[in-house]
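Here the structure is laid out as structure tokens; the discussion comes afterwards.
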Amino acid sequence: MESSIFQPHSQDDPFKTPPTRESFRVDWKNLGYRYYPLYLHLKHRFGGRVQKISLDGGFTCPNVDGTVTKGGCTFCDNRAFSPSRRVKREVIQLQIQRGIERLQRRYENEMFLAYYQPATNTYGPLEKLRTLWETALEDPRVVGLVIGTRPDCIPDEVLDLIDEFAARTYVSLELGVQTIHNASLEWMNRGHLNDVSDQAMQRVQGRRFEIGLHIILGLPGESHAMMMETATQVARWNPHSVKLHNLYAVHRTKLADQLAAGEVRMLEMEEYIELVADFLEQLPPSMVIERIIGDAPPKNLIAPQWCLRKGDVQKALRETLERRQSFQGSKYSN
Ligand code: SF4
């Protein structure tokens, strides 16, 4: 399916604009799409395949170093986070070089996004942020930046700096919102509540960069109705994209201990698929779906093991939406 659409846009190309409810009912559905995946958005934006290279800018997290709390989120293996230190330009350049080589062993593309991913990538002095982002963009194959952070770690001067970069290149700012429910945010030791996420979403309005949100489904104590409340709020916030993933446990985390003690339960794949379908139906049809499942390195993952079977999950989601005769946005009301 994928290869057939990586062609130059033709006049009647249904993918040349983001989907609407109407196009999901006809063209997109006929071509096998019931939600708007990231790679189509990037193809649309850049005219070809674009992939992300994960870069470690040497950050820590205010939820780990004691500025907000200590220990970090219960699901996060943050022992390797560095205290805020300067990472040499050459180290970033080497990470980019190696990342591109690794991807080019499997794919032929020449366009990449520099994804500052581990820890909180706006948690540092402005000059450090500027240097890291400039360094990534020095490589002509890097066509933009993706910056992962927390909703409580984007002061105005950081937003201004990101905006300055967004005037000259593609930038997406990813905010870990996870859920709108304060009880869950407290359970995971997130170190902020939903009012902070809400304020962050107000404060990023009108900027030139894209906004992506991370959401977790299957948090202990969250009913189906609560997860749909999160979906409704995400639809209201209307970010450019959303990453959905199931709660999963990796080694060396508090969640791993809770799982071993029988205090938490991970969703079964079938339950999760139904939830994702329900969630997608509530979102605007044009919102980019960056991810529909967790992405833990296999050697670190404890449970659930089914989230390594990404192809099976995608297939099951497609079949579920087909069975329901529904698609992203089919229950969205603005
Ligand atoms: S905010 Fe992000 S980086 Fe910090 S502890 Fe939580 S998951 Fe880890």
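Calculated [222 nm] ellipticity per residue, helices only, for the chain: -10500 deg cm²/dmol; basis is -39500 (n - 2.57) per DSSP H run with n ≥ 4, divided by all residues, nearest 500. Taking θ as phi - 60° and the Karplus parameters 6.51, -1.76 and 1.60, the scalar couplings of region 49-57 work out to 6, 10, 10, 8, 10, 6, 10, 9, x Hz in sequence order, x denoting glycine and proline. This model, with +1 at the C-beta of Lys and Arg and -1 at the C-beta of Asp and Glu, gives the chain a dipole about its Cα centre of some 680 debye. The residue list Val91, Leu113, Leu185 was ranked by how far each Cα lies along the charge dipole of the chain toward its positive end, using unit charges on Cβ atoms, and Val91 comes out on top.
In summary, the aspartates and glutamates within cross-link reach of Lys331, defined as a Cα separation below 17 angstrom excluding same-chain residues under 8 places away, comprise Glu22, Glu229, Glu274, Asp278, Glu281, Glu322. Full extension of the chain between Glu110 and Gln205 yields a length gain of 31.1 nm, computed as 0.36 nm times the residue separation minus the alpha carbon distance. At a Cβ-Cβ separation cutoff of 4.7 angstrom, cysteine residues of the chain with no neighbouring cysteine are Cys61, Cys153, Cys307. The candidates Phe75, Phe59, arranged from most to least accessible area with a 1.4 Å probe in the full protein assembly, appear as Phe75, Phe59.
Tell me the carbon and sulfur percent of the accessible area for the chain, rounded to whole percent, probe radius 1.4 Å. Ligands and nucleic acids excluded, carbon and sulfur reach 49 percent.
Among the listed pairs Lys16/Lys315; Lys128/Lys243; Lys29/Lys243; Lys16/Lys88; Lys43/Lys310, a Cα-Cα separation exceeding 31 Å is found for Lys16/Lys88.
Placing +1 on the Cβ of every Lys and Arg and -1 on the Cβ of every Asp and Glu, with no other charges, gives region 180-334 a dipole of roughly 540 debye about its Cα centre. Residues considered: Val242, Val204, Val264. Largest GNM mean-square fluctuation over the chain, using C-alpha springs under 10 Å, is found at Val264. For Lys52, go through the aspartates and glutamates and keep the ones whose alpha-carbon is under 12 Å away, minus same-chain ones fewer than eight residues off. Hits, sequence-local ones excluded: Glu110, Glu290. Solvent exposure of region 1-160, expressed per residue, is 50 Å² of accessible area, with all protein chains present and a 1.4 angstrom probe. Put simply, the C-alpha atoms of the chain give a gyration tensor, and the ellipsoid matching it has half-axes of 28, 27, 20 Å, longest first. Extension gain, Arg323 to Ala80: 0.36 nm times the residue separation minus the Cα-Cα distance gives 83.1 nm.
Listed by chain and number, the aspartates and glutamates whose C-alpha is less than 15 Å from the C-alpha of Lys254, apart from same-chain residues fewer than 8 away, are Asp77, Glu186, Glu263.
Computed packing ranks the peptides 147-157, 46-56, 173-183 as 173-183, 147-157, 46-56, most packed first, by mean other Cβ atoms within 10 Å.
Put a dot 7 Å past the Cα of Arg236, heading toward its Cβ, do the same for Lys70, and the two dots end up 3.7 nm apart.
The values are calculated or read from the model by the stated rules, or taken from the named source; none is laboratory data. The structure presented is a predicted model; accordingly, all values stated were derived computationally and were not measured. Because the Cβ atoms are built from the backbone with ideal geometry, glycine has one as well, and the counts that use them run over all protein chains shown. These accessible areas exclude ligands, DNA and RNA; they are computed on the full protein's heavy atoms, side chains included. Shrake-Rupley method; radii C 1.70, N 1.55, O 1.52, S 1.80 Å.
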